[in-house]
Amino acid sequence: MDWEDLDPKKTPAQRRNLEIMGVTELREYIDQLQAEIVRAEAAITAKESVKLGAEALFRKL
């Protein structure tokens, strides 16, 4: 069993139409996406930490 099997499966987010967005809107959109990337990377780090802790615990047994 893989840890990723426990995560809920989600469909990919729908793409936004960039053609109708102005430069300011595009820059704001980029800022939002970068903030979401930081949030996702933090979640990955937390999950990897838990996984490593669990693996260390079960190796000792």
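No value in this document is a laboratory result; all are computed from the given coordinates. Note that this is a predicted model, so its numbers are computed, not measured. Note that we place each Cβ from the backbone using ideal geometry, even for glycine, and neighbour counts take in every protein chain shown.
Remarks
- Calculated from the structure at hand, P(r) over Cα pairs in 10 Å bins from 0, in percent is found among (1) 26, 49, 19, 6, 1; (2) 23, 61, 16, 0; (3) 17, 32, 24, 16, 8, 2 as (3).
- Note that the stretch 43-49 has calculated 3J(HN,Hα) couplings of 5, 4, 4, 5, 5, 5, 5 Hz, one per residue in order, obtained from phi through the Karplus relation 6.51 cos²θ - 1.76 cosθ + 1.60 (θ = phi - 60°); glycine and proline are x.
- Charged-residue dipole, Cβ positions (Lys, Arg, Asp, Glu), the chain about Cα centre, Debye nearest 20: 220 debye
- Among I37, S49, L18 - extreme Cα towards positive end, dipole of the chain, charges at beta-carbon: S49
- Each residue of the stretch 5-10 was assigned a 3J(HN,Hα) from its phi angle through the Karplus expression (A = 6.51, B = -1.76, C = 1.60, θ = phi - 60°), giving 5, 7, 6, x, 7, 10 Hz with x at Gly and Pro.
- Whole-Hz couplings from phi, Karplus 6.51/-1.76/1.60, listed for the stretch 25-32; x for Gly and Pro: 4, 5, 5, 5, 4, 4, 4, 5
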